[in-house]
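Shown next, in structure tokens, is the structure this report addresses.
The values are calculated or read from the model by the stated rules, or taken from the named source; none is laboratory data. Source: prediction; values computed, not measured. Don't worry about glycine lacking a Cβ; one is built from the backbone with ideal geometry, like all the others, and counts go over all protein chains shown. Note: accessible area is taken over every heavy atom of the protein model, side chains too, but ligands, DNA and RNA are not part of it. Shrake-Rupley method; radii C 1.70, N 1.55, O 1.52, S 1.80 Å.
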Amino acid sequence: MSRGPEMKDAGQPAARPAALGFWGCTALVVGNMIGSGIFLLPASLAVYGPISILGWLATSLGAIALALVFARLAKRVPASGGPYAYTRVAYGDFTGFLIAWGYWIALWAGNAGVAVGFAGYTGYFFPGIAASPGFTAAVAITAIVLTTAINVRGVAQAGIVQIITTVLKVAPLVALVGLGMWSVDAANYAPFNASAGSALAAVAGSAALTLWAFLGLESATVPAGEVARPEITIPRATVLGTVFTAILYMAVTMVAMGLLSNSALRASTAPLADAVGKLAGPAAGSAIAIAAFVSTFGALNGFTLLTGQVPMSAARDRLFPPAFARLSPQGTPAFALILSNALAALLVLMTTSRGLVEAYTFITLLAVFAALVPYLFCSLAEVLLHAAGKSERPLGLAVPALGLVSFLYTMAAIYGVGAEVVLWGFMLLLLAVPIYAAQRSHEARGRASPLIGNPLMQTGDNHAAGRRSL
């Protein structure tokens, strides 16, 4: 692979040891995908009924195609920033900035959604929390603050938390499938399409919701500078984690829908806990609720890690303000982490008045749309990299086909999120334009003035960005 200046700009300081290995990266992928989604989505999908399993299947195939795209891009461009880094190298600075902005929105909006899911499962033990918007917001924001503090302390600590929480969340889900599949009631699968719309609309709508549960499949690509042998470790972790998670998701949803009636699922704020409670009693339901605590906290921890890495990479390439590249004494982008998750907390406050399930659904769809835009551009990035001569690897016929499948799937998913969410997401993306113009103008003045000596403003070399205390 060619190591041009585009490649060098997105790296990490060479002297820092790698904090994440194969299992850490796999835990980041699986842990970020298996968060609040699988524990709350059965309630959101109940409006469509069992036909939503087809939505899961469509989303799983699309997610695996995207995982293969990101795996190949990680080999060609082993740089921090993930989708942002690939887009910037393939399309140029402005598109790279736009994608960094959109992906950053997806991350902190996703944190808000995961935190609301965490509050929802708190309501399993304390029903007053789920019933009160104020209590819901308080619990969600407390979780955001705690995971932000963990990540400010260091990437290695965040990686350890991610491995532990991933193991603790996967085990009970596997147990639920193994035990619950023998007790499902076939009558609960009727009607197959519980929505008032067509089968196609139901599948498209459920696919949009289920994509939320796959957000994070690219997680291992973002902190590439912290990964040991990123060109090998990241692709393996990305594909393995996505395939495993897809299979588990579909199995868990089928069991949940078979254990609870459609009306019970629609009314539940902790559907898996209710399903297990019906299967094996309140104690077992409480065990699943505890697993959901661990799961949502682990996903929140993993996404919080990314909320610092993405804007930091863009700032080191002089596309985000330099404050995002400042490192704390622990070597973490503390400013980026704190600001990102302050925005997540603000989004929680703005939406919890809708009610827990409705707020969760809106936030997750907004995060999905914001993530789909980077996915759309990354689908064909490898083809453009090859055409522009930025890669020496041969390009087989399967690569354009894979990219086209990913592109069409992403377009279909954008259609599925609905007009209101697309409008809000598009407006948030448009805010990037004046910010980009202001950043470029400030940079131009900085180069022209001998009084400005900020090294982050005078070089696009990420390797040269030193640590700066806040």
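Would the range 355-365 turn up any residue that is within 28 Å of residue 403 (Cβ to Cβ), touching a residue at least 40 places away in the same chain (Cβ under 8 Å) and open to solvent by 10 Å² or more (accessible area, probe 1.4 Å)? Working first, answer last.
Let us first name the residues in the range 355-365 that are within 28 Å of residue 403 (Cβ to Cβ), namely 364-365.
Narrowing the set further to residues that are touching a residue at least 40 places away in the same chain (Cβ under 8 Å) leaves 364-365.
Next, only the ones that are open to solvent by 10 Å² or more (accessible area, probe 1.4 Å) stay: 365.
Yes, that holds for at least one residue.
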In the range 67-86, anything in a loop (DSSP other than H, G, I, E, B) and open to solvent by 10 Å² or more (accessible area, probe 1.4 Å) is listed as 78
Those residues of the range 92-102 which are part of a helix (DSSP H, G or I) and more than 13 Å from the chain's Cα centre (by Cα) amount to 93, 94, 95, 96, 97, 98, 99, 100, 101
Scanning the range 419-452 for residues that are open to solvent by 70 Å² or more (accessible area, probe 1.4 Å) and not hydrophobic (A, V, I, L, M, F, W, C), the one modelled with the lowest pLDDT turns out to be 450
Restricted to the range 330-344 and to residues being more than 11 Å from residue 308 (Cα to Cα) and open to solvent by less than 20 Å² (accessible area, probe 1.4 Å), the residue modelled with the highest pLDDT is 344
Taking the range 21-45 and keeping residues within 21 Å of residue 119 (Cα to Cα) and outside any helix (DSSP H, G or I) leaves 34, 35, 36
Among the residues of the range 28-59, the number that are under 15 Å from the mean Cα position of the chain (by Cα) and among the small types (Gly, Ala, Ser) is 4
Within the range 223-267, the residues that are in a loop (DSSP other than H, G, I, E, B) and not polar (S, T, N, Q) are 223, 228, 229, 260
When residue 14 is run through (1) surrounded by fewer than 20 Cβ atoms within 10 Å (Cβ to Cβ); (2) part of a helix (DSSP H, G or I); (3) aliphatic (A, V, I, L, M); (4) at pLDDT below 80, the failure sits at (2)
By residue number, the members of the range 427-436 that are in contact with a helix residue (DSSP H, G or I) (Cβ under 8 Å, 6 or more places away or on another chain) and not aliphatic (A, V, I, L, M) are 436
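Would you say residue 222 is in contact (Cβ under 8 Å) with a residue 12 or more places away in the chain, open to solvent by 10 Å² or more (accessible area, probe 1.4 Å) and among the aliphatic types (A, V, I, L, M)?
Values: in contact (Cβ under 8 Å) with a residue 12 or more places away in the chain: yes; open to solvent by 10 Å² or more (accessible area, probe 1.4 Å): no; among the aliphatic types (A, V, I, L, M): yes.
When the stated conditions are applied, residue 222 does not pass them.
Quick check, is residue 73 farther than 29 Å from residue 168 by Cβ, at pLDDT 85 or above, in contact with an Asp or Glu (Cβ under 7 Å, 6 or more places away or on another chain) and not aromatic (Phe, Trp, Tyr)?
On the way: farther than 29 Å from residue 168 by Cβ: yes; at pLDDT 85 or above: yes; in contact with an Asp or Glu (Cβ under 7 Å, 6 or more places away or on another chain): yes; not aromatic (Phe, Trp, Tyr): yes.
It is true that residue 73 is farther than 29 Å from residue 168 by Cβ, at pLDDT 85 or above, in contact with an Asp or Glu (Cβ under 7 Å, 6 or more places away or on another chain) and not aromatic (Phe, Trp, Tyr).
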When (1) out of contact with any Leu (no Cβ under 6 Å at 6 or more places or on another chain); (2) modelled with pLDDT under 85; (3) buried (at least 24 other Cβ atoms within 10 Å of the Cβ); (4) not aliphatic (A, V, I, L, M) are applied to residue 269, the one that fails is (1)
Those residues of the range 196-205 which are aliphatic (A, V, I, L, M) and either closer than 19 Å to residue 365 by Cβ or not in a helix (DSSP H, G or I) (or both) amount to 196, 200, 201, 202, 203, 204
The number of residues in the range 278-316 that are in a helix (DSSP H, G or I), farther than 13 Å from residue 124 by Cα and open to solvent by less than 30 Å² (accessible area, probe 1.4 Å) is 21
Given (1) under 24 Å from residue 239 (Cα atoms); (2) within 13 Å of the chain's Cα centre (by Cα), residue 105 misses just (1)
The number of residues in the range 283-308 that are touching a Gly at 6+ places or on another chain (Cβ under 7 Å) and of a type outside the set (A, V, I, L, M) is 6
